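What follows is calculated from the coordinates using simple rules that are stated; it is not laboratory data. Predicted model, so just to flag it, every value in this text is computed and none were measured. Don't worry about glycine lacking a Cβ; one is built from the backbone with ideal geometry, like all the others, and counts go over all protein chains shown.
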Amino acid sequence: MEKKDKEMEALAAEIISGMKDWRAQNPKATFAEIERETMKRMAALQARLMAEIACDSEAREWEAGAGPQCPECGERMKGVGKHKRKLQASGGSEVELEREYARCPACGAGFFPSG
């Protein structure tokens, strides 16, 4: 099993264990309170899984000289190295992606692959 998979399993086990501890400390919690706490804790796992899947995407890099077409002017864009971008997941967690960033030599527009 890959190291990343083991880390994800460890995070999931930590969430489950933490929820059991939380429930023991909050025996009279309502269903809505249990749901909120579960969602809060699951947000970390969701963000991690989203980042891994996005980083494994073929859209994250391109072959030298085969950069994307500029959405502004249509010129072929040039890779300018890897950049990081932080995105907000629906659960409130932050997801950081690292991708090959491109800049258009004609108009200067930048491009960061989304998927």
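See the values below:
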item: Förster-model FRET efficiency, 22 Å R0, Val80 and Glu7, C-beta, rounded to 0.05; result: 0.10
item: Listed pairs Lys3/Lys28; Lys4/Lys82; Lys6/Lys86 exceeding 30 Å between Cα atoms; result: Lys3/Lys28
item: Cα Rg over Rh - the stretch 3-111, Kirkwood; result: 1.20
item: Net +/- balance of residues flanking Asn26 in space, Cβ distance below 12 Å, scoring K and R +1, D and E -1; result: +1
item: Distance between modelled label sites at Glu98 and Glu52, nm, 7 Å Cα→Cβ extension; result: 1.7
